[in-house]
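> After the structure tokens below, expect a handful of questions from me.
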Protein chains: 4
Amino acid sequence: MTQSIGILTSGGDTPGLNAAIRGVGKTCLSQYGIHIVGFRDGFRGLMENRTMALDGATLSGILTLGGTILGTSRDKPHKMPMQGKLVDMTETIVANYHANQLDCLVCLGGGGTMKNALRLQQAGLNIITLPKTIDNDVALTDTTFGFDTALGIATDAIDRLHSTAHSHHRIIVVEIMGHRAGWLALGAGIAGGADVILIPEIPYDVEAVAEAIKSRKRKGKPFSIVAVAEGALSKQEFELQQETAAKKKDKKLKEVVSVPELVYAERTLSLARQLELLTGLEARPTILGHLQRGGTPSAADRLLATRLGAAAADLIANKEYGVMVAAHGETSLAVPLQDVAGQVKTVPPDHAWVASARGVGVSFGD
Amino acid sequence: MTQSIGILTSGGDTPGLNAAIRGVGKTCLSQYGIHIVGFRDGFRGLMENRTMALDGATLSGILTLGGTILGTSRDKPHKMPMQGKLVDMTETIVANYHANQLDCLVCLGGGGTMKNALRLQQAGLNIITLPKTIDNDVALTDTTFGFDTALGIATDAIDRLHSTAHSHHRIIVVEIMGHRAGWLALGAGIAGGADVILIPEIPYDVEAVAEAIKSRKRKGKPFSIVAVAEGALSKQEFELQQETAAKKKDKKLKEVVSVPELVYAERTLSLARQLELLTGLEARPTILGHLQRGGTPSAADRLLATRLGAAAADLIANKEYGVMVAAHGETSLAVPLQDVAGQVKTVPPDHAWVASARGVGVSFGD
Amino acid sequence: MTQSIGILTSGGDTPGLNAAIRGVGKTCLSQYGIHIVGFRDGFRGLMENRTMALDGATLSGILTLGGTILGTSRDKPHKMPMQGKLVDMTETIVANYHANQLDCLVCLGGGGTMKNALRLQQAGLNIITLPKTIDNDVALTDTTFGFDTALGIATDAIDRLHSTAHSHHRIIVVEIMGHRAGWLALGAGIAGGADVILIPEIPYDVEAVAEAIKSRKRKGKPFSIVAVAEGALSKQEFELQQETAAKKKDKKLKEVVSVPELVYAERTLSLARQLELLTGLEARPTILGHLQRGGTPSAADRLLATRLGAAAADLIANKEYGVMVAAHGETSLAVPLQDVAGQVKTVPPDHAWVASARGVGVSFGD
Amino acid sequence: MTQSIGILTSGGDTPGLNAAIRGVGKTCLSQYGIHIVGFRDGFRGLMENRTMALDGATLSGILTLGGTILGTSRDKPHKMPMQGKLVDMTETIVANYHANQLDCLVCLGGGGTMKNALRLQQAGLNIITLPKTIDNDVALTDTTFGFDTALGIATDAIDRLHSTAHSHHRIIVVEIMGHRAGWLALGAGIAGGADVILIPEIPYDVEAVAEAIKSRKRKGKPFSIVAVAEGALSKQEFELQQETAAKKKDKKLKEVVSVPELVYAERTLSLARQLELLTGLEARPTILGHLQRGGTPSAADRLLATRLGAAAADLIANKEYGVMVAAHGETSLAVPLQDVAGQVKTVPPDHAWVASARGVGVSFGD
């Protein structure tokens, strides 16, 4: 009997989503004759049964497109905003899954999506997930699609800033995405040759940052590039946050996640002002913002998304459900969804990337 | 007798400076046997007689480099910062010019440089200038080198923001360089398809901006890109500034120029917050900053800088001094320096670019 | 009474066509209430009355797209291929123009399109044209849209080749588009810092090219980049062609145009082999081909296409027909179509670009 | 006692070499106080004892540069061209190693370099290698630096060709580097959405390629992109080569490697002509050539080269010699050099990438 599957994209915008949809869809259709239907706007569309036919024509020409043809949302099955309240809509979702006679639901998303997908699995659905996020913070996979594209954009920005920082004896503070995980700021900081890298996992001392900049000045380099992740915190801010969290008995520091981008930007400008005062050098800000989520995916991300998508189709044909398709060297690996969900892969402070950054002279302000 | 010339770069960093230095230098050396010496860090280096030999080897391989091999500064001959004071160092500069036995001084810069160069001409030096600035605000030339590169960078940013603005029903506010002239925000806004463009020359009404965004939402487009020049002002801010200026009897509004980039960025974040309140949509900021001054010059800027540089060499060989080498269609034109200096080419509110932006549906918030 | 216009794109693919269609269309619709209809595949679609509605939705989101949403062809009204023959279909075209109750036909194209558009004007139609081509060979306009994009692509290629030519003591021969006009090879050669530039307008002597390469080697630069336009000819080839042309009494050398790209590529490989023999250095070929016609238009081309498109709409509203909308500095100019048609703007051998290339040390092999 | 090491780059030009030199060098100097000296032009410079001091200043600012500051050559220690003969210079090299009082020699290169480095190890030197090549054909590492950059360039080319192939009903044949291994053509073909991919590991039938193109035409897609690796062979050519090899009792098909790029290009033009004849469609060639080796390394390659370089320094400090530093997920792995040398990692015809390409509809012409 012909298999039938659904597919949705959930969470923040990420380059490579369309390449992955195409990879899953074309392989299902042409290799296995599996029928495929798209749900719009993530779990919300699944709940509202808003579908999109995914045939060969729809899947053609989308490989290079940014965004997602299915639309996305951050809504969760068990906490769906309904007329001002958060309502558990899991039952409706399960009903729609069965009404569409699906054999499997493919969820493309990051850490939050993995948790939501696991909940639906526990509610009885067959699930396969693919790891996408520019943050690279999904567990048990070499990498996630979207990360390489964002890495390229942020690195290109640092490159341009470098060529102008020289001429004017300045500090350039460039804010890079990353609420909880610093992979992107760390990776781009290394690849772009930043002088200081500040990430959420390594609370910084602003005096130490200033000292690193002044030390460069003394060595005849009166300019510095500071790459700062959105969620980077000074040691004082970090302790304050820990205390608040302790009071709330919320050990997971969830409120960190909820800080909106305008507040991050204000914090970055404030850091720039502090560094001006402490170093006597002028500071100039660059805030990349959603630049990092946009545009055509990089070649590596398209290749990754395509091969993970095709691998998902192979698993579906074999009825191997309950897994995330992880990147593993040149190939892919099916890892149990329950081992992934709820895990945030942050940067271990002694990680090889941190060590190699220190090796080439980067200060983390610690 | 062999001619001998000096060359310097002055003002903000701009892509194409090295291409122009190479164009002047190689043509002088190989076509005319004119000797050429570089002065470091703009007029300051000329005053301090800090020179750099410019031979074939030095001029080789610099075509594609951002920044300037000569260094630059914003120091003015007649107001040179010396031990905490501004001192008129024109005499020293004139003396150094003669000590180096120069027949001509070539100054690469923007509007401020034109004024300073004219002062030196009036002090008796032979001067030729080339128009460089990412702001495109030099009079009597089709364009300036640096503008096309910055236009490309800012447009590329808007492109990326577009592909992600769609998915999340948001306002994206992108700040683009331009203190007094809005050419860059206007050009990139048109080329990138921004929905709202705010420039210094057209004071805006924040309610009108919000209405343009809400009107798009009503038409099924719940996202908007707002391209805002650093120096854009609301009508209230503009009036306040005019009054302050009137009190100071300073009709040229010089203080606008002196606002540093951190204040611009704060103003941009404030605008984003206002738009959130007025529209009920989330706003996300991108602040390009010095990104726009960095990196390799675009092909068009390299071609322009090379051909203006070569034309400058021709003029020197013909002893036609006292002119700026202007871009004019495919060729160049020598315009009297005194006609250029002191003129800031701002965007006329009824300029063809503004009209064509309105034609394709852009709001200026006026 | 409401005006009504048609629009078509004709000739080779060029970046910026969609930006121009959007500029004409949006301005017509929103500023003047002019109705607009597209014809598919150039003059062929006009002859077959295959139309495409161009409303606000269709014109939205096309600014950044390469190619043309209308399709294009090289078919000519008076020599339309019909069942193996070339038939004059002018009457049918005129009839379709009237059947669609058009007030004007807007033709986007290069030199060939200008001639065909003039023929239709002489047959009684109201015509406005816009100059598009990557070759930059249309008369009486500063430039054409498409040229800046292709210039950027070809220059970027030369940049990459430079960084590798150094290491291996090689000649790199890079073939750049341009059958009759060498603007693109010349511009990219200057912007990319090529060592030799060969263009159709300056027949070369292969021994002189080899000598330029050997001379560089003697100066310690054992690598050279040769930028060669498709239509570049050695002096012998040029004379042979002239003789053949004289025999055919065809002074316009029309056959040059008809050589297909595979033959150009073979000629380029042959040149590379000759240079290997004459210099004793290894040669490596790069043939850019249709790369140069593809991808999103550059910011400058989008801006140019948008403002020329909007200017065309203004002319239509004023019923100023029979003109090409030319680029002229920051603004545009309406030039009589009859002054443009039939003129090919080739590179004058003493043009300022050639002079500035020689100034920075480029050899033309002459 | 202070350690002292030498470093060299060998084989073809590859983006990321300077990033790796900087990673090794800066980490050695700043973390471990290890002294480091560079040898120019690969093993030739080691043999001739031509050295380059590598201090902090020399290592600064090279992260983003293409090429290699050390220079490179393809010369082998045991077959060094000396006055027209190939001479075994191993002893001289060993002597120079000791004369420089080195504790270790770091060799950056591809497959050939691994073999040569192993020979020097067997001659008694302490060796560490890093895997660089755009071909991705080194064994026992996830990837090699240089590959991601070349992948991006080739994919970008296919993207541009796509946007123009549509308009003109054509076959575009794009030649991509890869003499023996098809990873680059395969990866870029998948990432760029090529319709046909031809690689050395899967001999093709030109009729089958034509049939795939004609089949697309029948489905309303009268254009096709054919991505062909330099070393791709038709089944007939492959068999002929096998026979010749058998006669020569040379099972490794070494002559494949020695075909120069001009011959590859001619073979590609010939394939284009055959496809024109077999399909009735026009074909257009693009030959990327050394484009793929040039320019600044991608962010991913800089990150990879930096972290492998830093890991090499750690190994040196621990005196763990005789290994290649392999990429392994986010981290690195030291693999015995003898397990790597002599292994060429070609594409297994049933590899996951090939399968996923077939999944999305790519033809391999087999």
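> Treating the range C:302-366 as a set of equal point scatterers at the Cα positions, no solvent, please give the Debye-formula log₁₀ I(q)/I(0) at q = 0.14 Å⁻¹.
Log10 of I(q)/I(0), two decimals: -0.62.
> While we're on this one: How far apart, in nanometres, would the label points at residue D:78 and residue B:87 be if each is projected 7 angstrom from Cα along the Cα-to-Cβ direction?
Here the modelled spin labels are 7.2 nm apart.
> Exposure proxy check: A:13, D:103, D:88 ranked by fewest other beta carbons within 10 Å? Present the calculation step by step, with values, prior to reporting the outcome.
Numbers: A:13 24, D:103 18, D:88 14.
Going from least to most buried by this count: D:88, D:103, A:13.
> Here's something else I'd like to know. Put +1 on the Cβ of every Lys and Arg and -1 on every Asp and Glu Cβ in the range C:1-121; which of C:112, C:15, C:67 then has its Cα farthest towards the positive end of the dipole?
In the range C:1-121, that residue is C:112.
> Normalised by the number of residues in the range A:149-293, what is the relative contact order in percent for Cα pairs under 8 Å and 6+ residues apart?
Values: 244 pairs, mean separation 49.2, N = 145.
Here the relative contact order equals 34 percent.
> Beyond 28 Å, what percent of the Cα pairs of the range A:149-293 remain?
Details: 1713 of 10440 pairs.
Distances greater than 28 Å cover 16 percent of the Cα pairs.
> Using a Gaussian network model on chain A with a 10 Å cutoff between Cα atoms, which of A:41, A:142, A:75 fluctuates the most?
A:142
> Next question. Just want to confirm a number: the relative contact order over the range D:46-205, from Cα pairs under 8 angstrom separated by 6+ residues, in percent. It would help to have the intermediate numbers written out before the result.
Numbers: 166 pairs, mean separation 21.8, N = 160.
Over the range D:46-205, the number comes to 14 percent.
> Also, I was wondering about something else. Of D:57, D:296, D:327, which is farthest on the positive side of the dipole of chain D, counting Cα position, with +1 on Lys and Arg Cβ, -1 on Asp and Glu Cβ, and the Cα centre as origin?
D:296
> Report, in cubic angstrom per residue, the convex hull volume of the C-alpha atoms of the protein assembly as shown.
It is 192 Å³ per residue.
> Using Cα pairs closer than 8 Å and at least 6 residues apart in sequence, work out the relative contact order for chain B, in percent.
Details: 789 pairs, mean separation 85.5, N = 366.
So the answer I get is 23 percent.
> With label points built 7 Å along Cα→Cβ from the Cα atoms of residue B:60 and residue D:243, find their separation and express it in nm.
Each label point is offset 7 Å from its Cα along the Cβ direction, giving 5.1 nm.
> Next up: For residue C:350, go 7 angstrom from Cα along the Cα-to-Cβ vector, then report the distances to that same point in the other copies in nm, smallest first.
4.3, 7.3, 7.7
> Would you mind checking the range A:101-118 for residues with the amide N under 17 Å from a putative spin-label position 7 Å along Cα→C-beta of residue A:49?
Label zone hits: A:101-103.
> With +1 on each Lys and Arg Cβ and -1 on each Asp and Glu Cβ, and nothing else charged, work out how big the dipole of the protein assembly as shown is about its Cα centre, in Debye to the nearest 20. Write out the running numbers ahead of the final one.
Details: 148 positive and 148 negative charges, 1 e Å.
Computed about the Cα centre, the dipole is about 0 debye.
> Given 0.36 nm per residue, what is the gain on full extension from residue A:99 to residue A:219 after removing their alpha carbon distance, in nm?
Between residue A:99 and residue A:219, full extension yields 36.3 nm more.
> Order these peptides, D:317-326, D:77-86, by their mean beta-carbon neighbour count within 10 angstrom, highest first.
Top of the packing list down: D:317-326, D:77-86.
> Now for a separate question. For chain C, how big is Rg over Rh, using alpha carbon atoms and the Kirkwood form of Rh?
On the way: Rg = 21.9 Å, Rh = 21.5 Å.
Across chain C, the Cα-based Rg/Rh ratio is 1.02.
> Quick one: label points 7 angstrom along Cα→Cβ at residue A:60, distances to the other copies in nm, smallest first?
For residue A:60, the inter-copy label distances come out at 2.6, 5.3, 5.7 nm.
> Averaged across the residues of B:27-37, what count of C-beta atoms belonging to other chains lies within 10 Å of each residue's C-beta?
Other-chain Cβ atoms within 10 Å of each residue's Cβ, averaged: 2.
> With +1 on each Lys and Arg Cβ and -1 on each Asp and Glu Cβ, and nothing else charged, work out how big the dipole of chain C is about its Cα centre, in Debye to the nearest 20. Kindly include the intermediate steps, with their values, before the conclusion.
Numbers: 37 positive and 37 negative charges, 65 e Å.
Roughly 320 debye, rounded to the nearest 20.
> Taking each label point as 7 Å beyond Cα in the direction of the beta carbon, state the distances from residue D:78 to the same residue in the other copies, shortest first, in nm.
Copy-to-copy label distances for residue D:78: 6.5, 7.5, 7.8 nm.
> Next question. Rank the residues A:360, B:106 as a footprinting-exposure proxy: fewest other Cβ atoms within 10 Å of their Cβ go first.
Working: A:360 26, B:106 29.
With the fewest neighbours first, A:360, B:106 line up as A:360, B:106.
> Please express the shape of the range B:96-226 as an equivalent ellipsoid: the semi-axes are the square roots of 5 times the eigenvalues of the C-alpha gyration tensor, given largest first in whole angstrom.
43, 14, 9
> Still on this structure: Based on Cβ point charges of +1 for Lys and Arg and -1 for Asp and Glu, what charge dipole magnitude is obtained for the range A:149-293 about its Cα centre, in debye rounded to the nearest 20?
160
> Just to be sure I understand the model, the point goes 7 Å from the Cα along the line to the Cβ. What's the resulting residue D:122 to residue A:366 distance in nm?
Distance between the two pseudo-spin positions: 4.5 nm.
> Per residue of C:150-161, what is the mean number of Cβ atoms on other protein chains within 10 angstrom of that residue's Cβ?
Numbers: counts 1, 5, 5, 4, 1, 8, 8, 8, 4, 10, 13, 6.
Neighbouring Cβ atoms belonging to other protein chains average 6 per residue here.
> How well do other chains shield peptide B:168-174, expressed as the mean number of their Cβ atoms within 10 Å of each residue Cβ?
Working: counts 9, 1, 2, 0, 4, 2, 4.
Neighbouring Cβ atoms belonging to other protein chains average 3 per residue here.
> Report the calculated FRET efficiency for residue D:270 and residue B:266 (r = Cβ-Cβ distance, R0 = 51 Å), to the nearest 0.05. Could the numbers behind the result be given before it?
Working: r = 64 Å, r/R0 = 1.25.
After rounding, the FRET efficiency stands at 0.20.
> Same structure, new question: Where does each of C:337-347, A:111-121 land if you order them by average Cβ count within 10 Å, highest first?
On the way: C:337-347: 18.1, A:111-121: 22.8.
Top of the packing list down: A:111-121, C:337-347.
> What residue in chain D has the Cβ closest to the axis turning D into C, and how close is it in whole Å?
Value returned for chain D: D:287, 2.
> From the helices alone, meaning DSSP H stretches of at least four residues, give me the mean residue ellipticity at 222 nm for chain C, per-run term -39500 (n - 2.57), in deg cm²/dmol to the nearest 500. Present the calculation step by step, with values, prior to reporting the outcome.
On the way: 14 runs with 154 residues, N = 366.
Taken over chain C, the calculation gives -12500 deg cm²/dmol.
Quick note: the coordinates plus some simple rules give every number you see, no bench work behind them. Just so it is clear, the model here is predicted, and its values are computed rather than measured. As a convention, Cβ positions derive from the backbone with ideal geometry for all residues, glycine included, and neighbour counts pool all protein chains shown.
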